[in-house]
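Notes for the one structure printed next.
The values are calculated or read from the model by the stated rules, or taken from the named source; none is laboratory data. All of these numbers come straight from a predicted model, not from anything done at the bench. Reconstructed Cβ throughout: ideal geometry from the backbone, glycine too, with neighbour counts over all protein chains shown. Accessible surface areas use protein heavy atoms only, side chains included; no ligands, DNA or RNA. Shrake-Rupley method; radii C 1.70, N 1.55, O 1.52, S 1.80 Å.
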Amino acid sequence: VHNGGLYKRPFNEAFEETPMLVAVLTYVGYGVLTLFGYLRDFMRQWKIEKCQNATEREEQKDFVPLYQDFENFYNRNLYMRIRDSWNRPICSVPGAKVDMMERVSHDYNWTFTYTGRVIKDIINMGSYNYLGFAQKAGTCQEAAAKVLSQYGAGVCSTRQEMGNLDKHEELEKLVARFLGVESAMAYGMGGSELKGIIRLAVKHNLLNIFLFPLLIQGCLILSDELNHASLVLGARLSGATIRIFKHNNMQSLEKLLKDAIVHGQPRTRRPWKKILILVEGIYSMEGSIVRLPEVIALKKKYKSYLYLDEAHSIGALGPSGRGVVDYFGLSPEDVDVMMGTFTKSFGAAGGYIGGKKELIDYLRTYSHSAVYATSLSPPVVEQIITSMKCIMGEDGTAVGKARVQQLAENTRYFRRRLKEMGFIIYGNEDSPVVPLMLYMPAKIGAFGREMLKRNIGVVVVGFPATPIIESRARFCLSAAHTREMLDTV
């Protein structure tokens, strides 16, 4: 940590470089797979091997191709070999343990057939069920069932028409209190708010909401290079200029801020009308936590705005489960736009946006997601309300606090044990997302299959979701995991 004085607690992250021999062998592995891919394509072209992939029809050869050539090549020759590692059908509540439908392939993963057998009690290390609220019994389930009988399953209208329930109003007031912000707004889909909100957040002055038509152009977004795809898409849709800084690198961010202020906009050299810093709380593929105290210090120093995506950190970090702001002991007022989802720690669906009242009022009127999207389902809303009150201790019990503490203990224990076993682990010691490095392409499918044989469900990730020499398995810890489960894994 370069600015240790800004931190009230230790901040330890590790990203061990890929060993040279492993990197060379990984490149060789991909090279061999690519050569065999071209050989098999040659055999398919001459009808020696059956061609099962999607191809353009002959009469469409003069049209712009529907498929990207390399993407298609990668899918049929590399991804298809290990396709069985993904999209496995679950047939139970996705809690600490799950049941999975067994499937087999007789044509090298092009198609699958179900055997009719169910694999029972697989330890679930892949779900974002951080606090264990994805369950079929308990207070949340009972409350949701009661609301289901009273309100039904769907609203069939938007918030601005006939879909604004008292439950929605209650949820938004509760979220605002939970975050410590002036106002909050709930959305029906965790990623949908990004497309409309980033665009509006860039336009929105936070001081003068009537100037937004003048602020479409001439605004700048500074985005972390490892931000989620939904953030990237939302930034592109905003119409603002985008510049990328190195992951969690404050020197890189400050250099971009300085350059933006000194040089201004391209060609005209006019000052940027607004500079928005775009970061996440926990980066879901790296297991790292944003250096928020340093980001806020730079934001204040250079008079810019801050957009914080807490999809993975809300509920999962901080002594009271209020996310990365709580984790560092900072003030929510220092973050201009706070976004997060209910799909992970709360075991529900949808997302929220929080901030100053004038910003949220503006979004209620102008955000496409708010105007046109169907309202959140009432039982889902009740699931969020009940789980959030549990975390806050407003249900009269200490269950929520115990879950937050249990998740933190599980995280530190699991990371420590893996490191003791000699594995290369990425990320922050307090991050419940734990990437275990595999590197080589052949290990991706092999690891997932071998773990499943041992009744452990994991997520394996490779190129293009990660750099080509940084394939990994990603474990997600939960408060519902017992010490025995973690020892088994």
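What is the residue count in the stretch 328-345 for residues that are crowded, with 24+ Cβ neighbours inside 10 Å and over 20 Å from SER230 (Cα atoms)?
0
Would you say LEU206 is in the same structural domain as PHE346 (by the TED database), open to solvent by less than 40 Å² (accessible area, probe 1.4 Å) and at pLDDT 90 or above?
So LEU206 fails the test.
Could you please find all residues in the stretch 98-115 being among the acidic types (Asp, Glu) and free of Cβ contacts under 8 Å to residues at least 40 places away in the same chain?
ASP99, GLU102
Which one of the conditions (1) over 25 Å from CYS476 (Cα atoms); (2) touching a residue at least 60 places away in the same chain (Cβ under 8 Å) does GLY95 fail to meet, given that it meets all the rest?
Status for GLY95: all satisfied but (1).
Rundown of residues vs (1) touching a helix residue (DSSP H, G or I) at 6+ places or on another chain (Cβ under 6 Å); (2) modelled with pLDDT under 95, yes/no style:
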position	(1), (2)
PRO94	no, yes
GLU102	no, no
TYR108	no, yes
ILE119	no, no
ASN124	no, no
VAL147	yes, no
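Consider ARG177 carefully, then state whether it is open to solvent by 40 Å² or more (accessible area, probe 1.4 Å), modelled with pLDDT of 95 or more and in the same structural domain as GLY218 (by the TED database).
So ARG177 passes the test.
Anything in the stretch 268-298 that is small (Gly, Ala, Ser) and over 14 Å from ASP309 (Cα atoms)? List them, or say none.
GLY287, ALA297
Could you look through the stretch 301-326, keep only residues that are among the aromatic types (Phe, Trp, Tyr) and crowded, with 20+ Cβ neighbours inside 10 Å, and pick out the one that is farthest from LYS274 (Cα to Cα)?
TYR307
For the stretch 253-288, what are the residues that are of a type in the set (A, V, I, L, M, F, W, C) and either exposed (fewer than 13 other Cβ atoms within 10 Å of the Cβ) or farther than 19 Å from SER230 by Cβ (or both)?
Those that are of a type in the set (A, V, I, L, M, F, W, C) and either exposed (fewer than 13 other Cβ atoms within 10 Å of the Cβ) or farther than 19 Å from SER230 by Cβ (or both): LEU253, LEU256, LEU257, ALA260, ILE261, VAL262, TRP272, ILE275.
Got a sec? Which of GLY234, GLY239 is free of Cβ contacts under 8 Å to residues at least 60 places away in the same chain, on the phi > 0 side of the Ramachandran plot and not aliphatic (A, V, I, L, M)?
It is GLY239.
In the stretch 28-44, is there at least one residue being assigned to a loop (DSSP other than H, G, I, E, B), closer than 20 Å to TYR79 by Cβ and open to solvent by 50 Å² or more (accessible area, probe 1.4 Å)?
no
Of the residues SER387, SER369, SER377, only one is touching a residue at least 40 places away in the same chain (Cβ under 8 Å), more than 23 Å from GLY234 (Cβ to Cβ), open to solvent by 10 Å² or more (accessible area, probe 1.4 Å) and in the same structural domain as SER313 (by the TED database); which?
SER377
Counting only residues that are out of contact with any Ser or Thr (no Cβ under 7 Å at 6 or more places or on another chain) and either hydrophobic (A, V, I, L, M, F, W, C) or not assigned by the TED database to the domain that holds TYR302 (or both), how many does the stretch 233-271 have?
Number satisfying all stated conditions: 9.
Based on what the data block shows, is ILE424 open to solvent by less than 10 Å² (accessible area, probe 1.4 Å), closer than 25 Å to LEU226 by Cα and touching a residue at least 60 places away in the same chain (Cβ under 8 Å)?
no
Only one of (1) farther than 15 Å from ARG403 by Cβ; (2) surrounded by fewer than 18 Cβ atoms within 10 Å (Cβ to Cβ); (3) not acidic (Asp, Glu) is not met by GLY138, so which one is it?
Going through (1) farther than 15 Å from ARG403 by Cβ; (2) surrounded by fewer than 18 Cβ atoms within 10 Å (Cβ to Cβ); (3) not acidic (Asp, Glu) one by one, GLY138 breaks only (1).
Does ASP84 qualify as being surrounded by 15 or more Cβ atoms within 10 Å (Cβ to Cβ) and farther than 22 Å from MET485 by Cα?
yes
Mind checking which residues of the stretch 440-458 are crowded, with 17+ Cβ neighbours inside 10 Å and either among the polar types (S, T, N, Q) or in contact with a strand residue (DSSP E or B) (Cβ under 6 Å, 6 or more places away or on another chain) (or both)?
Correct list: ILE444, PHE447, GLY448, ILE456, GLY457, VAL458.
Among (1) at pLDDT 95 or above; (2) within 23 Å of VAL459 (Cβ to Cβ), where does THR341 come up short?
The single condition THR341 does not satisfy is (1).
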